[in-house]
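First comes the structure, then the notes that go with it.
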Amino acid sequence: MAEEKKQPRIGVFVCHCGTNIAGSLDVKAVQDYARTLPGVIVADEYQYMCSTPGQKKIDDAIKEHDLTGIVVAACSPRLHEPTFRTATKEGGLNPFRFEMANIREQNSWVHMHDYEGATAKAKDAVRIAVAKAALLEDLYPKSVPVEHAAMVVGAGVGGIQAALDLASAGIKTYLIEKTPTIGGRMSQLDKTFPTLDCSQCILTPKMVDVGRHPNIELHTYTEVEAVEGYIGNFDITLRKKARGVMTPTEATAKGIVGGGCNGCGDCDAVCPVIKPNPFEFGMKPRKAIYIYHPQVVPLIYTIDFDSCVKCGLCVEACGEKKAIDLNMEDSFETVKVGTVILATGYDAFPIEKKREWGYKQFDNVITSLEFERLICASGPTGGHLIRPSDGATPKKVAFVLCAGSRDNTGVGKPYCSRFCCMYSLKHAHQITEKIPGCQAYIFYMDIRSFGKMYEEFYYRIQDEGTKFIRGRVANILEDAKTKNLHVYAEDTLLGQPVDMVVDMVVLAAAVEPTQGVDTVRKMFGVSCSQDGWMLEAHPKLNPCGTTTAGVFLAGVCQGPKDIPDTVAQAEGAASAASIPIHMGKVELEPYFAQCIEEKCAGCGMCVNLCPYSALDLIEKDGRTVMHVTEAKCKGCGTCGGFCPGGAIYMQHFTTPQIVAQIDAFLLGGEQ
Amino acid sequence: MAEGEWQPKILAIICNWCSYAGADLAGSARIQYPPDVRAIRVMCTGRVDPLFIMKAFADGADGVLVSGCHFGDCHYIAGNYKCAKRMFLMKSVLKDLGIEDNRLRMTFVSASEGAKWAKVIEDVVKTVKDLGPSPLNQLQQ
Ligand SMILES: Cc1cc2nc3c(=O)[nH]c(=O)nc-3n(C[C@H](O)[C@H](O)[C@H](O)COP(=O)(O)OP(=O)(O)OC[C@H]3O[C@@H](n4cnc5c(N)ncnc54)[C@H](O)[C@@H]3O)c2cc1C
Ligand code: SF4
Ligand code: SF4
Ligand code: FES
């Protein structure tokens, strides 16, 4: 106990970060200044504090000077706090006796032309950090067990890959997909660049593997309803949407032995209601009881209750299998998992918003995804590319790249959608190959063929005779009689206006985050970047993680990427998500609230404020006082910020510590 | 820094998840802004006790900025709403004390809004410089 009361003995270390810091402020002056601060025993500086010799300085100083607190003035604590906590621990101090002063991201990098101003600010930052360091205490992270299960939300190729990897690593994996089948966008594609292998042929085996993997529990037509808990112990409630059709397992559970849907399609044949199939972008019909396409996994029909007339014909046709329940309702199930991967993918930007290109005004203007279905042998036309207006085979097709991408007009997206250049090259190849004499024209800003064998693919398409016109398409108009299209652009290489008449236009529409994804994102506490894609923890060093511990990202939900990059990220996310599970436990930062019972008036205001129901009022020694359930507290401090009696002690962000920081800034220093 | 020019003392209390990350991003992107603000990091703006604001002004702050996540994006669900309510209250308390209420400002800057962070700082510095030293400081002199 006497140990704890000992006077603060603080070591300060100022980092040059090469010239990143030292180039914009006076490191030596900051170091000299630190020496004058109350409690500082030693102040040092070094080129790179995060390097091994830099960390060793901390270790040595703790031992040599019997320090009680460490301050490193360097980059952001969001980058290197863990590094220096480890160094502090190596020196024999409790790692929470470390405090960081950010003099790079929030100083030298943003005040590059104000040497004096930056130096003064760095001195203040060090003074503030020293004031806090003087009051830091030993803290012990709480170790909690991790559930030996994971969840993947979204079953496109990214989610499928992540689930297969987790499951193969021996982890029970729940794969959640909101549509009736897994596969995502990739199952809508015909061929894939640059190898031109058939999309379904390479995806279907993976889909089948998912269906029969003993460690994967697949929930299609299901959405996440609610999320509670934290890394290691997420309680996730699933809404299983009423599908109207039972799987064989569900049927058996209801005592219908040998029953349940086997995908025979007898119901489909008798259903009188006809609706457009969204999988085919409405270019093919489906019934009210439907499957998207023959390769769906699981092979189970689904009833669209919005259009079903409940005539009962399907029930009759299904007969003894008794798979259909027209009165089925949504059901809920809560599962416990240790980690989560979000892989919710993308939607196409509604390109009709760019009125100048005439999508949805002119029949023969289509999108690239529609093109994929039209050129696909299993698509609505059996793979014959036809003009929607008259069914004729086109002879001249224009592809418009960056349709809504790299667009700063306000209608459209400022970013590059990354795969449109490559798939449009693929499309040009496909029509050249399939339709003799058909000419492809690509209107582009520049061709971004950045991947392995991509540039080579670009050359190949040039050699095959596709014509490239560098210039953004300004306007598209329709010849009312022939339904041909005038494409107006400027050829910026020739410096000439272009008015080209073509049979058909394919718009490579920009992509955007999946509709409704904000709900899921917020449930898991994941931020988004300014364009709406989910935000990774660090763009370079932690591209699969998020700022919510235990939640990871895979695929296009994090930003546009093609299939190879999606799969690579999915494997990365699966690996990252499996680490805590294999470790079996995680350490939670010990920033819990604590009740100072002598001060607590038992008013209970805090109890209602806590977002995680971590607080209760209890009876103790004849008084009502607040009690914290540490396992539930996440350390936000909302209760501590409110308690009128100052009865809540927020570990590592205590009121005395914060007040000391404020005082150090405003009352301390060179007045 | 021009010689003899008055230097305002401005405190920022910012949340770890959005505003602190946004401020870091302004750094990585080398977006330049004036060096007049000193920041203290808390996990969430929900932690901001009205006492901290009072203490800062009593200690002689000319301005205080509290910055957190956008509504709906708080890492702890709604700490920023709860803080915003308290900040409204604090503004009226400050007014009663004869301190201009725009010396206290709450903003919402996300982890991806580095440029916005720089703008916020510019704005806050300008507002405080236009107002001049806090009335409490003038009183003391
Ligand atoms: C026209 C076109 C052609 C392309 N051609 C190629 C090509 O040739 N080669 C190539 O490499 N790439 C190509 N791509 C890119 C490719 O489509 C993507 O890289 C790939 O589909 C990304 O997979 P994903 O799993 O990240 O997302 P997605 O395929 O979008 O899958 C996401 C899944 O998550 C589900 N989901 C969404 N929200 C939720 C929720 N809240 N709850 C549960 N589930 C949810 C969705 O229903 C979907 O099944 C092309 C893209 C387009 C538009
Ligand atoms: S901790 Fe504070 S707010 Fe909570 S019951 Fe006690 S006095 Fe009231
Ligand atoms: S710090 Fe307080 S309000 Fe926040 S989670 Fe913990 S107990 Fe709840
Ligand atoms: S975590 Fe940023 S305001 Fe709550």
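The values are calculated or read from the model by the stated rules, or taken from the named source; none is laboratory data. This is a predicted model, so every value here is computed, not measured. Cβ atoms come from the backbone with ideal geometry, glycine included; neighbour counts cover every protein chain shown.
When you check A:GLY637 against the structure, is it within 16 Å of ligand 2 (Cβ to nearest atom), within 12 Å of another protein chain (Cβ to nearest Cβ) and at pLDDT 95 or above, yes or no?
So A:GLY637 fits the description; yes.
Assess whether A:GLU320 counts as being acidic (Asp, Glu), crowded, with 16+ Cβ neighbours inside 10 Å, in the same structural domain as A:GLY255 (by the TED database) and in contact (Cβ under 8 Å) with a residue 12 or more places away in the chain.
Criteria not met by A:GLU320.
Within segment B:105-117, is even one residue surrounded by fewer than 22 Cβ atoms within 10 Å (Cβ to Cβ) and more than 16 Å from ligand 4 (Cβ to nearest atom)?
Yes; the residues of segment B:105-117 include at least one that is surrounded by fewer than 22 Cβ atoms within 10 Å (Cβ to Cβ) and more than 16 Å from ligand 4 (Cβ to nearest atom).
Going residue by residue through segment B:94-108, is there one that turns out to be at the interface with chain A (Cβ under 7 Å from one of its Cβ atoms), assigned to a loop (DSSP other than H, G, I, E, B) and of a type outside the set (S, T, N, Q)?
no
Please tell me if A:VAL27 is surrounded by 16 or more Cβ atoms within 10 Å (Cβ to Cβ), in contact with a His (Cβ under 7 Å, 6 or more places away or on another chain) and in the same structural domain as A:VAL130 (by the TED database).
Here the answer is yes, as A:VAL27 does meet what is asked.
From A:GLY170, A:GLY158, which residue is away from every other protein chain (no Cβ under 14 Å) and buried (at least 24 other Cβ atoms within 10 Å of the Cβ)?
After ruling out the rest, the residue left standing is A:GLY158.
Which of the residues that make up segment A:447-463 are among the aliphatic types (A, V, I, L, M) and assigned to a loop (DSSP other than H, G, I, E, B)?
A:ILE447, A:MET453
Being out of contact with any Pro (no Cβ under 6 Å at 6 or more places or on another chain) and crowded, with 21+ Cβ neighbours inside 10 Å is the filter here; which residues of segment A:490-511 pass it?
Within segment A:490-511, A:VAL502, A:VAL505, A:VAL506, A:LEU507, A:ALA508, A:ALA509, A:ALA510 meet the criteria.
So, restricting to strands (runs of 3 or more DSSP E) that lie completely within segment A:72-177, which ones have at least 2 residues that are touching a helix residue (DSSP H, G or I) at 6+ places or on another chain (Cβ under 8 Å)?
A:98-102, A:149-153, A:172-176
Being within 16 Å of ligand 2 (Cβ to nearest atom) and touching a Ser or Thr at 6+ places or on another chain (Cβ under 6 Å), is that true of even one residue in segment B:50-63?
For segment B:50-63, residues within 16 Å of ligand 2 (Cβ to nearest atom) and touching a Ser or Thr at 6+ places or on another chain (Cβ under 6 Å): absent.
What are the residues in segment B:51-81 that are at the interface with another protein chain (Cβ under 10 Å from one of its Cβ atoms), crowded, with 22+ Cβ neighbours inside 10 Å and either within 16 Å of ligand 3 (Cβ to nearest atom) or part of a helix (DSSP H, G or I) (or both), if any?
B:PHE52, B:ILE53, B:ALA56, B:PHE57, B:CYS69, B:CYS74, B:HIS75, B:TYR76, B:GLY79, B:ASN80
Scan segment B:32-51 and report the pairs whose first residue is more than 18 Å from B:LYS119 (Cβ to Cβ) and among the polar types (S, T, N, Q) and whose second residue is near ligand 4 (Cβ under 9 Å from one of its atoms) and in a helix (DSSP H, G or I), with Cβ atoms within less than 7 Å and a gap of 6+ or a chain change.
Hits for this filter: B:THR45/B:GLY79; B:THR45/B:ASN80; B:THR45/B:CYS83.
Can you find, within segment A:612-633, the residue that is modelled with the lowest pLDDT among those that are within 14 Å of chain B (Cβ to nearest Cβ) and in contact with a Ser or Thr (Cβ under 7 Å, 6 or more places away or on another chain)?
Checked segment A:612-633; the qualifying residue modelled with the lowest pLDDT is A:LYS632.
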